[in-house]
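Okay, so here's the structure we're looking at.
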Amino acid sequence: QVQLVESGGGLVQPGGSLRLSCAASGVRFNMNVMGWYRQAPGKQREWVATITSHRFTNYADSVKGRFTISRDNAKNTVYLQMNALDSEDTAVYYCNTVVEYRNYWGQGTQVTVSS
């Protein structure tokens, strides 16, 4: 059974940084594309970043240059380093992977950017 567990969210001031983690189980982690999404209050869930099994990365324009996605295959964990945070980044952040054409999501971790 695929399970994704996010952690690392919290309250941070504008301009600050956070690192999110997502621990995966029940999946051939080193072969899977892993992604981060977010959902702000009253908005649809949006894609943030993706990392392939070969560590190719891709980012939404809104986070490019500020966020970095990475993975540690030995720990079955994907990370999202977030720098220069602003209020527009406030959202619940979700980890995602696809196994046999089915989307799997974690429970989400809240990130709040506020002074």
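The values are calculated or read from the model by the stated rules, or taken from the named source; none is laboratory data. Being a predicted model, the structure only gives us computed values, none of them experimental. So basically every Cβ, Gly included, is an ideal-geometry build from the backbone, and we count neighbours across all protein chains shown. Accessible surface is based on the protein model in full, side chains and every heavy atom, while ligands, DNA and RNA are left aside. Shrake-Rupley method; radii C 1.70, N 1.55, O 1.52, S 1.80 Å.
Give the range 18-38 a look and list any residue that's open to solvent by 60 Å² or more (accessible area, probe 1.4 Å) and either of a type in the set (G, A, S) or more than 11 Å from the chain's Cα centre (by Cα) (or both), or say none.
R28, N30, M31, V33
If W47 meets every condition in (1) closer than 15 Å to S7 by Cα; (2) under 11 Å from the mean Cα position of the chain (by Cα); (3) open to solvent by 40 Å² or more (accessible area, probe 1.4 Å) apart from one, which number is that one?
The one condition W47 does not meet is (1).
Please name all residue pairs, on different chains or six or more residues apart, with Cβ atoms under 6 Å, provided the first residue is in the range 1-15 and is among the charged types (D, E, K, R) and the second residue is buried (at least 16 other Cβ atoms within 10 Å of the Cβ).
Taking only residues 6 or more apart or on different chains, the pairs are E6/C22; E6/C95; E6/G106; E6/T109.
Give me the pairs: first residue in the range 37-55 and within 15 Å of G106 (Cβ to Cβ), second residue loosely packed, with under 10 Cβ neighbours inside 10 Å, beta-carbon distance under 6 Å, and six or more apart or on different chains, which are they?
Sorted first by the residue in the range 37-55, then by its partner, the list stays empty.
List, please: which pairs have Cβ atoms under 6 Å, are six or more places apart or on different chains, and start with a residue in the range 76-97 that is farther than 19 Å from I51 by Cα and end with one that is assigned to a strand (DSSP E or B) and open to solvent by 50 Å² or more (accessible area, probe 1.4 Å)?
Filtered contacts from the range 76-97: A91/Q39; V92/Q39; V92/Q110.
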